Amino acid sequence: MIWRSLIFFNLVLLGMGHSATMSGKVELAFSQDLNVRKHLDYSGVVVWLEPASSAAVMPAASRHAQMLQKNKTFSPHVLAITVGTTVDFPNRDFIFHNAFSNYNGETFDIGLYPPHSTKSTVFTRAGVVRVFCNIHPTMSAVIVVLKSPYFAVSDRNGMLKISDIPPGSYRLHIFHERATEQTLEALSRIVEVPPDGLQLPAISVSESGYLQLPHKNKFGKDYLPATESGGYVGTKP
Ligand SMILES: [Cu+2]
């Protein structure tokens, strides 16, 4: 009897329509990044939905994610997660790496760790976390920590898809690391997700007004030249 009620209850939940899908396509305009211009790489745009009414219940999403360190590159370069998610940073290189952030969002530092080991950190604050490696100035990544489980990151073609959305009214938000806050705010809008899903009109994200500044190491100082061999230890706070 209990089993029968449980099955019935689950069917009711399924019947409530947690199944709408929103698809879209983004492109990056006015980019100063040569790769974007030459290869039309539209990856790394984060799109997410927050219920327009604060009363709406947000289900818990996946609580574990991964950002690899491989070929002196963080992969993926842009990672979107929900608040409370643990991110593992496996080091798949033959050299030491670090990951830290001291810029807006959540600040963390997982220390210097050897090849083929891993370190993890939990992200408990919503916001944009810019991630760097304290010994390799060219390494950078972005972790976007969201309160909503309804998010997607665009692929190289700019395609994105968010599944299992309860139909309803949402505010759509967009983030891209090379777009200004004003640009991103102007792209935010209310969308209605009907039970049979939603195809967004194409979204163009302008990189106009973006200024790339060299970032500092974890002590807030400039990176030393050739820090590969022990520069980490030698860097004075
Ligand atoms: Cu590194």
By average C-beta atoms within 10 angstrom, highest first, the peptides 168-175, 194-201, 27-34: 168-175, 27-34, 194-201
Under 5 Å, built H, 5+ apart or other chain: amide partners of residue 68: 75
Gyration tensor over alpha-carbon atoms, region 102-237, equivalent ellipsoid semi-axes in Å: 36, 18, 13
Residue (of 141, 82, 107) at the positive-pole extreme of region 59-147, dipole from beta-carbon charges: 82
Rounded to 5, the percent of DSSP beta bridges in region 59-147 classed as antiparallel: 65
Cross-link reach list, lysines versus residue 218, counting only Cα pairs under 24 Å and skipping chain neighbours closer than eight places: 70, 72, 119, 236
Computed over region 59-147: relative contact order in percent, which uses C-alpha pairs under 8 Å that are six or more apart: 31
Amide proton proximity set for residue 198, modelled H, under 5 Å, gap of 5+: 21, 22, 23
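Every number in this text was worked out from the coordinates using simple rules, so none of it is lab data. Since the model is a prediction, treat every value here as computed from it, not as a measurement. FYI the Cβ positions are ideal-geometry reconstructions off the backbone, even for glycines, and counts take in every protein chain you see.
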